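Shown next, in structure tokens, is the structure this report addresses.
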Amino acid sequence: MNLILFGPPGAGKGTQAKRLVEERGMIQLSTGDMLRAAIASGSELGLTCKGIIDRGELVPDEVVIALIESRLDEAEACGGAIFDGFPRTLAQAKALDVLLAGRGKQVDRVIRLRVDEAALLDRITQRFADMGRSDDNPESFKVRLKAYADQTAPLIPYYEGQGKLAEVDGMGSVEAVARAIAQAIDNR
Ligand code: B4P
């Protein structure tokens with residue numbers, strides 16, 4: 001199964017993807033984690049992307065599509081993937097459809113985590129205090145929210161039109177959200 005965890009910054013995508021890996025043995029493909037690993041390694045890709053991420057902007061489509069493509073065979077060997085933070089633009093969604101179709105696969109389910117803006121800000125502020133992630137400051141968060149509204153939210157009607165979208169209340173505890181996601185996956 002190929003599953004997309006979808007939502008604004010701080011909605012709980014990464015948190016819930018890690019739980020699904022533990023509980024269902026699925027593989028997590030997080031473009032955010034891949035980009036942060038590139039930055040930590042000091043690679044050319046990391047150097048190019050650091051400023052973009054710190055400002056809260058989206059990294060160019062071709063960069064993240066190539067990152068995902070490089071891991072797709074590994075994901076398929078494990079029976080599918082949880083896409084976390086990808087796709088974030090219509091161009092990325094269409095590229096993913098093509099890449100999966102070339103392997104005789106498709107996106108099976110898109111779980112949209114709904115969390116209100118005040119709760120998102122609280123979570124990001126808390127993570128900044130705990131971990132000091134450089135893009136979790138209030139200025140970058142505003143840019144990330146705008147990027148979500150302008151470039152990522154248009155994917156909602158895209159996947160809704162394909163009958164793949166499931167809405168999950170992301171405001172509860174990590175446990176409660178995990179239960180709601182499990183239901184959305186198992187009831188498909
Ligand atoms: P990401 O790493 O995807 O960052 P994110 O949107 O903030 O989501 P994340 O997964 O980290 O947060 P989560 O909701 O789990 O992207 C970072 C940057 O990389 C982007 O801004 C962009 O620049 C770039 N990028 C990544 N993918 C890209 C793409 N496809 N195209 C272009 N650019 C791309 O958790 C947030 C916090 O909330 C955590 O601290 C967690 O502990 C807490 N939390 C989670 N669930 C909770 C709950 N139920 N209750 C209370 N707290 C909760």
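For segment 15-40, residues that are surrounded by fewer than 17 Cβ atoms within 10 Å (Cβ to Cβ) and within 29 Å of Gly163 (Cα to Cα) total 7.
Being near the ligand (Cβ under 8 Å from one of its atoms), over 19 Å from Leu113 (Cα atoms) and part of a helix (DSSP H, G or I) is the requirement here; does Arg36 meet it? Even if it seems obvious, please write down each step before you answer.
Values: near the ligand (Cβ under 8 Å from one of its atoms): yes; over 19 Å from Leu113 (Cα atoms): yes; part of a helix (DSSP H, G or I): yes.
Considered against the rule, which asks whether it is near the ligand (Cβ under 8 Å from one of its atoms), over 19 Å from Leu113 (Cα atoms) and part of a helix (DSSP H, G or I), Arg36 comes out as yes.
Out of all the residues in segment 146-161, which are open to solvent by 30 Å² or more (accessible area, probe 1.4 Å) and either closer than 16 Å to Ala11 by Cα or in contact (Cβ under 8 Å) with a residue 24 or more places away in the chain (or both)? Let's see the steps before the verdict.
Of all residues in segment 146-161, those open to solvent by 30 Å² or more (accessible area, probe 1.4 Å) come to 146, 148-151, 154, 157-158, 160-161.
Listed by number, the residues that qualify are Lys146, Tyr148, Ala149, Gln151, Pro154, Tyr158.
Taking the criterion of being more than 12 Å from the ligand (Cβ to nearest atom), in contact (Cβ under 8 Å) with a residue 40 or more places away in the chain and open to solvent by less than 70 Å² (accessible area, probe 1.4 Å), the residues of segment 93-124 that qualify are Leu100, Val107, Asp108, Arg109, Val110, Ile111, Arg112. Every residue in segment 71-124 that is in contact with a strand residue (DSSP E or B) (Cβ under 7 Å, 6 or more places away or on another chain) and among the β-branched types (Val, Ile, Thr), please. Answer for segment 71-124, where residues must be in contact with a strand residue (DSSP E or B) (Cβ under 7 Å, 6 or more places away or on another chain) and among the β-branched types (Val, Ile, Thr): Ile82, Val107, Val110, Ile111. Taking the listed residues Ser140, Ser134, the one that is farther than 25 Å from Arg19 by Cβ and open to solvent by less than 40 Å² (accessible area, probe 1.4 Å) is Ser140, with no other qualifying. Suppose the filter is surrounded by fewer than 20 Cβ atoms within 10 Å (Cβ to Cβ) and in contact with a strand residue (DSSP E or B) (Cβ under 8 Å, 6 or more places away or on another chain); does Arg127 pass it? When the stated conditions are applied, Arg127 does not pass them.
When residues in segment 152-184 are screened for being more than 9 Å from the ligand (Cβ to nearest atom), acidic (Asp, Glu) and over 27 Å from Asp97 (Cβ atoms), 1 of them pass. Every condition in (1) under 16 Å from the mean Cα position of the chain (by Cα); (2) more than 20 Å from Val177 (Cβ to Cβ); (3) near the ligand (Cβ under 8 Å from one of its atoms) is met by Ala149 except one, and the failing one is (3).
Residues in segment 41-92 that are of a type in the set (Ser, Thr, Tyr), within 14 Å of the ligand (Cβ to nearest atom) and open to solvent by less than 70 Å² (accessible area, probe 1.4 Å): 1 in all.
Consider segment 14-47 and keep the residues that are free of Cβ contacts under 8 Å to residues at least 12 places away in the same chain and polar (S, T, N, Q). The one that is nearest to Arg123 (Cα to Cα) is Ser41.
The values are calculated or read from the model by the stated rules, or taken from the named source; none is laboratory data. The shown structure was predicted, so the numbers you read here are calculated from the model rather than taken from an experiment. FYI the Cβ positions are ideal-geometry reconstructions off the backbone, even for glycines, and counts take in every protein chain you see. Heads up: the accessible areas ignore ligands, DNA and RNA and are worked out on the full protein's heavy atoms, side chains in. Shrake-Rupley method; radii C 1.70, N 1.55, O 1.52, S 1.80 Å.
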